[in-house]
Amino acid sequence: MNRPGTGDRGPGTGNSGRGPETPAGGRKRVAVVIFPGSNCDRDALAAVEAAGGEAVPVWHQSADLAGCGAVVLPGGFSYGDYLRAGAMAAHSPVMAAVRRHAAGGGAVLGICNGFQMLLEIGLLPGAMLMNRTLRFICRDVHLRVERDDLPLLKHLRRGHVLRLPIAHKEGNWFAAPDVVRQVEAAGAVALRYCNERGEIGGEANPNGAINAVAGLVNREGNVLGMMPHPERRISALLGGSDGAALIRALVEAA
């Protein structure tokens, strides 16, 4: 049986791991990794294409990333979120390729379930607990941009307020106090939950995340994990375009 979106060749055949390739048309290739239970992969594929990239579906059993220069780990419920959200996906064969890609400076964007995976494999610090309400939350939230000096955030402005949707039950970022101090000292918080005026605290934090963390970057700045969904806000037809800048930066980073 063919793997999703791959025809007879299957994903991961690419250039046999020789590194990113740019096709003759000049579009940069971005891998969207698909796991059993992913439900935002088509949104991510469409968003990459809308941003001018070539979106390449890559099945979770692939050994490589099909020669792509950037990677999206999309939202959903990989493996049904059994054990913990993202825990089983962390052991999929493709994640070894994602680790190598990140270690080599390649751009990685983990959205919602993808952010949970990045925590599970240690590319970002901390863990996700259940929302403080113990309920699934699906609504728009406001986010304050905390970094704008990294490739994946270069089209944003520090202090700018974005409006993006969330859809999760385990989005309550948690870490030990010493880890939280290290994260803050390193400037690893990329996005924080806020109100429409950019103020932190209170009901503006939908899930109880420590320090209102909505998105983190690694020390090198090439790995970004975030709970809100930028791929669902790329045009006015989808209710707004606040997510388009993040997707465009990812394509350019490829």
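Under the condition of being surrounded by 23 or more Cβ atoms within 10 Å (Cβ to Cβ) and in a helix (DSSP H, G or I), the residues counted in the range 46-72 number 2. Of all the residues in the range 79-138, those that are of a type in the set (A, V, I, L, M) and part of a helix (DSSP H, G or I) number 12. Here the condition is being more than 16 Å from Ala47 (Cβ to Cβ) and crowded, with 18+ Cβ neighbours inside 10 Å; of Ala209, Ala245, it holds for Ala209 alone. Can we say Leu152 is in a loop (DSSP other than H, G, I, E, B) and under 22 Å from Glu184 (Cα atoms)? It is false that Leu152 is in a loop (DSSP other than H, G, I, E, B) and under 22 Å from Glu184 (Cα atoms). Among the residues of the range 202-247, those identified as more than 18 Å from His160 (Cα to Cα), assigned to a loop (DSSP other than H, G, I, E, B) and either of a type in the set (D, E, K, R) or modelled with pLDDT of 95 or more (or both) are Pro206, Asn207, Gly208, Ala209, Asn218, Arg219, Glu220, Gly221, Asn222.
In this structure, is Ala55 farther than 23 Å from Ala185 by Cβ, in contact with an Asp or Glu (Cβ under 9 Å, 6 or more places away or on another chain) and at pLDDT below 95? No; evaluated as a whole, the condition is false for this residue. Could you go through the range 129-144 and let me know if any residue there is closer than 17 Å to Ile247 by Cβ, touching a residue at least 40 places away in the same chain (Cβ under 8 Å) and either surrounded by 24 or more Cβ atoms within 10 Å (Cβ to Cβ) or under 17 Å from the mean Cα position of the chain (by Cα) (or both). For the range 129-144, residues closer than 17 Å to Ile247 by Cβ, touching a residue at least 40 places away in the same chain (Cβ under 8 Å) and either surrounded by 24 or more Cβ atoms within 10 Å (Cβ to Cβ) or under 17 Å from the mean Cα position of the chain (by Cα) (or both): present.
The values are calculated or read from the model by the stated rules, or taken from the named source; none is laboratory data. Keep in mind it's a predicted model, so treat the numbers as computed, not measured. Note that each Cβ is placed from the backbone with ideal geometry, even for glycine, and that neighbours are counted across all protein chains shown.
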